[in-house]
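A.B. asks: After the structure tokens below, expect a handful of questions from me.
Any read-out appearing in this document is the output of simple, stated calculations on the displayed coordinates, not a laboratory observation. If you're wondering where the values come from, they're calculated on a predicted model, not measured in any experiment. Reconstructed Cβ throughout: ideal geometry from the backbone, glycine too, with neighbour counts over all protein chains shown.
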There are 8 protein chains.
Amino acid sequence: MTCKGKVSIIVGSERDLPFSERASKILKENSIEFEIKVLSAHRNPKDLENYISNSDVDVFIAMAGLSAHLPGFIASRTNKPVIGVPLNVSLGGLDSLLSIVQMPKGVPVATVGIDNPENAAHLAVRIISLCRGV
Amino acid sequence: MTCKGKVSIIVGSERDLPFSERASKILKENSIEFEIKVLSAHRNPKDLENYISNSDVDVFIAMAGLSAHLPGFIASRTNKPVIGVPLNVSLGGLDSLLSIVQMPKGVPVATVGIDNPENAAHLAVRIISLCRGV
Amino acid sequence: MTCKGKVSIIVGSERDLPFSERASKILKENSIEFEIKVLSAHRNPKDLENYISNSDVDVFIAMAGLSAHLPGFIASRTNKPVIGVPLNVSLGGLDSLLSIVQMPKGVPVATVGIDNPENAAHLAVRIISLCRGV
Amino acid sequence: MTCKGKVSIIVGSERDLPFSERASKILKENSIEFEIKVLSAHRNPKDLENYISNSDVDVFIAMAGLSAHLPGFIASRTNKPVIGVPLNVSLGGLDSLLSIVQMPKGVPVATVGIDNPENAAHLAVRIISLCRGV
Amino acid sequence: MTCKGKVSIIVGSERDLPFSERASKILKENSIEFEIKVLSAHRNPKDLENYISNSDVDVFIAMAGLSAHLPGFIASRTNKPVIGVPLNVSLGGLDSLLSIVQMPKGVPVATVGIDNPENAAHLAVRIISLCRGV
Amino acid sequence: MTCKGKVSIIVGSERDLPFSERASKILKENSIEFEIKVLSAHRNPKDLENYISNSDVDVFIAMAGLSAHLPGFIASRTNKPVIGVPLNVSLGGLDSLLSIVQMPKGVPVATVGIDNPENAAHLAVRIISLCRGV
Amino acid sequence: MTCKGKVSIIVGSERDLPFSERASKILKENSIEFEIKVLSAHRNPKDLENYISNSDVDVFIAMAGLSAHLPGFIASRTNKPVIGVPLNVSLGGLDSLLSIVQMPKGVPVATVGIDNPENAAHLAVRIISLCRGV
Amino acid sequence: MTCKGKVSIIVGSERDLPFSERASKILKENSIEFEIKVLSAHRNPKDLENYISNSDVDVFIAMAGLSAHLPGFIASRTNKPVIGVPLNVSLGGLDSLLSIVQMPKGVPVATVGIDNPENAAHLAVRIISLCRGV
């Protein structure tokens, strides 16, 4: 596992793409390579699994609303750090926050604030900087 | 897909087995066949997937606390009805309730009350009775 | 009790009819027969009771906001599966979610997400498919 | 409809009888006649309906936990004042509070505090005093 | 204390007058006399006290948002039934609901739903009908 | 209005006296004079009013649970700073927190944390130190 | 520490300046001197520390949304009274309310209502009046 | 900034040390060096600042209850990844969760579940593994 300085941003549906762009803007400003994917833990589980196992990124950022299982799904299939962004679709985003942050022991998701993809990117920058030795 | 009159009860960890027994007691009283499995969506995703695809049950009952992804995981890999039971491990069970009930469109989980596996069994009885034509 | 492949969608007031149509659209796509009724547990309890006892549907879908007693009312008067849809009229829909999902033991309501009639229909499709042996 | 100075206290299950006694103690101290019934809106709807229509009391007090439909059920079948007491069985009683207080327009329930049957009795005393012209 | 068939509707500020009119409309339809007052428990406590002690109404309806102390203030200074209407100014109205309904033992407020002055009026109609012997 | 360096601690019932002692201990350690009173805004409003208008203290500390109106009541009858301590009697203390902190404009209560009378005392020490010119 | 009759209003970002103006308007009406600063506990901690230690104001008012650490930061670096105003940016302001009011023992923040800078100013007026001996 | 493979665990008070040990146990099992410090953002801000600036660790884990400012304080003074663990002292830990996770843009805290220091350690292991190239 060598640090490539690359981040994957995954959203569960096309509706959430604008949030991914708010994250990628910050990665760009920090010269970090990234790719954006639309893959749902519930609608494309096989594609998502294949993508995760073949991916060479260092950090995953996953964003989802409602019963937001996407970040936890990724965290259970990789040993890389996974950052979760709860999105406010219902109940002010409390449902997605709790669905993402309250993970069982052994499968951590690094959760940031509701509708705050910028902080997911800033956190990824900190992790990548560390592994790059910058 | 013929109705076999059989239910699968899945819990994410051994800690939750007593809840599964409260459900199975009611299935027994209604002469419905069942099996109980301990399989975690986060720790044994592959085993869980295999179990689901090879299973011949009519209805799945899944119980979990915290970021409770187990019922939704099952619902995304089968076309059978899936019943979710939120368990109170933290926050009065509000985290697991929202993680289970707020599923995205197309992947429904039939959610019952917090720490109420009995109602999951009663709901399964209603569904099985319907398909058996009793 | 033979499976007729028919669903009843009940809303408590005319205001909620648009939600019933989002459910019926999905039933239509799956070639499932349905009927839509406006009957309130609080304003027309007798009519509602008569409708339930004379109905030959396999599954009831009931939608309501606020102190949402409609799904539980139906579940206490039929042995068929009852699916409840909490609607957001106040407090983000938390009041209707809790009024529907926290039913006492023995009277289960299969609850789906807030303002998510589509998932009620998808769940009904799964139950009907099972009893039809499709 | 003449004022008889009589109150009915209804609980949904035997488990809740101690709460009814805390209310009846205050009615006794105020020399108000009362009767206590165990009748569930979900398990004995017919018996409950019969009881309500044949009752000659002036005020109903109903107590319930979880998805607490009992007070609203009574309010939809009588024109007498109905007082609801939310009981804490789950979630600190927030579920029962919201199930009781957020009634639709036209079917009011006079709701008092969580686990506070004393205030239901005190409120009944105020209403009875008014109608008795004391 | 004889039943006059009269209701007082009190709001804490002019901003809340539209809510009082939704209540008074229903009282009018039921031929119940009423008066509307703007009196704040925090800004005009003396005027409010004087009004309450000199009033000959049978029932008080009080509406307030935020830390809604108005209904409880009235209930502590009269033996007549007091109905409280929580208004949504902040937090979906949860603050005013809890400020009104969770009264200490001995000082009951008959609480109705958030932003639901209609039900306050309907409840007043039930109480007045009882005391009038209609 | 000269600064006397004196604090009044008011609780609504004897049950809450232990909380007042946790505050007074800190005032003692800071050599600030205090008196403790048991006076309820709902049960002794007249006595409470008299006490407030005749009092020569600089700062009031008031503690209450449930629909906690005591601090706001005092703030509406004095121009001195009033500190409110929400006590957890129900719902984790969320009801008393919101009843105390969400005061209408013009009648401020300086609210501290749930079950944290120590911070009320520490805040009083800061205010008294300022007015004493220490 | 002599009373200068001066207040500092600090906001964490320029976005929150309109709230500071609602507070300063009330200070002006009460002829209390004030200054407004934009200083973030997270982005300018050093500047904020310097400002606090060199300041000669009597009372600090700090406003912030989300994880609102600004008021607590100031309270931990001064012995003057600190007033905190939670702003609603997310979750109705519940996040900022709890971040401000639930301070550990020894570091009190005098918290006022969500989006209620007016009450922060009114509270400051009360404290300044006391120390000025007005 | 080279990866040393070292983690710092900081708790705000001695009361929270048992939680730090649950995290350190997992770091030990993964052969990751660590140190544990008791330093409060509110009571020892200067010591905490000094510790952070002189530290050579790769990742900070910070745990706190109530208005939990510790993780955000650290995140605002280092460019290293900071992991926050909300502890349940009040309100089921909802106050600390929101105080930690809802950080403003630019100052991210990688938040894990309430009372779940194990997941903080597991997340640190993932980050360290990445930077070590294991």
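A.B. asks: Could you calculate, for segment B:44-83, the ratio of the Cα radius of gyration to the Kirkwood radius, expressed as Rg to Rh?
C.D. replies: In segment B:44-83, Rg relative to Rh is 0.93.
A.B. asks: Spelling out what I want: for every residue of segment H:68-83, take phi, set θ = phi - 60°, compute 6.51 cos²θ - 1.76 cosθ + 1.60 (Karplus), and round to whole Hz; glycine and proline get x.
C.D. replies: 7, 9, 4, x, x, 4, 5, 4, 7, 10, 9, 9, 6, x, 10, 10
A.B. asks: Next question. Cross-link list A:K4/B:K46; A:K105/B:K25; D:K105/E:K28; B:K80/C:K25: which exceed 26 angstrom alpha carbon to alpha carbon?
C.D. replies: As for pairs spanning more than 26 Å Cα to Cα, those are A:K4/B:K46; A:K105/B:K25.
A.B. asks: Any idea how far the Cα center of segment F:1-21 sits from the one of segment G:1-52, in Å?
C.D. replies: That distance is 30 Å.
A.B. asks: Oh, and also: For the protein assembly as shown, compute the orientation-averaged projected area of the C-alpha convex hull (one quarter of its surface), in nm².
C.D. replies: Directional mean of the projected Cα hull area for the protein assembly as shown stands at 39.1 nm².
A.B. asks: Sort segment E:1-45 into rounded, prolate or oblate with this rule: let a ≥ b ≥ c be the square roots of the eigenvalues of the Cα gyration tensor; rounded if a/c is under 1.5, and if a/c is not under 1.5, prolate when a/b is larger than b/c, oblate otherwise.
C.D. replies: The shape class here is oblate.
A.B. asks: What is the calculated FRET efficiency for D:D47 to F:K46, with r their C-beta to C-beta distance and R₀ = 60 Å, to the nearest 0.05?
C.D. replies: Efficiency computed from Cβ-Cβ geometry: 0.80.
A.B. asks: Right, another one. Viscosity 1.567 mPa s, temperature 4 °C: what is the translational diffusion coefficient of segment C:64-134 from Stokes-Einstein with a Kirkwood Rh over Cα pairs, rounded to a whole number of µm²/s?
C.D. replies: Value of D from the Cα-based Kirkwood radius: 105 µm²/s.
A.B. asks: Ok, one more. Put +1 on the Cβ of every Lys and Arg and -1 on every Asp and Glu Cβ in chain E; which of E:V38, E:S67, E:V112 then has its Cα farthest towards the positive end of the dipole?
C.D. replies: Projecting each Cα onto the dipole axis, the largest value belongs to E:V112.
A.B. asks: Please compute the average number of Cβ atoms from other chains found within 10 Å of each residue's Cβ in peptide A:80-91. Mind dumping the intermediate values first?
C.D. replies: On the way: counts 4, 10, 2, 3, 3, 0, 1, 0, 2, 5, 11, 10.
Partner Cβ neighbours, averaged per residue: 4.
A.B. asks: With N denoting the number of residues in chain F, provide Rg(C-alpha) divided by 2.2 N^0.38 Å, to two decimal places.
C.D. replies: Scaled against compact globular proteins, the figure is 0.95.
A.B. asks: Also, I was wondering about something else. Run the reach check for A:K6 against aspartates and glutamates, Cα to Cα strictly under 17 Å, same-chain hits fewer than 8 apart removed. What comes back?
C.D. replies: In chain and number order, the partners are A:E21, A:E29, A:E33, A:E35, A:D56, A:D58, A:E118.
A.B. asks: What is the residue of chain H with the smallest Cβ distance to the axis taking H onto C, and what is that distance in whole Å?
C.D. replies: H:L94, 7
A.B. asks: Can you give the relative contact order of segment A:6-132 as a percent, counting alpha carbon pairs under 8 Å and 6+ residues apart?
C.D. replies: 26 percent
A.B. asks: With a ≥ b ≥ c the root eigenvalues of the C-alpha gyration tensor of segment F:9-87, is it rounded (a/c under 1.5), prolate (a/b larger than b/c) or oblate? Don't jump to the answer; show the numbers that get you there.
C.D. replies: Details: a/c = 1.71, a/b = 1.19, b/c = 1.44.
Oblate shape, in that a/c is at least 1.5 and b/c is the bigger or equal ratio.
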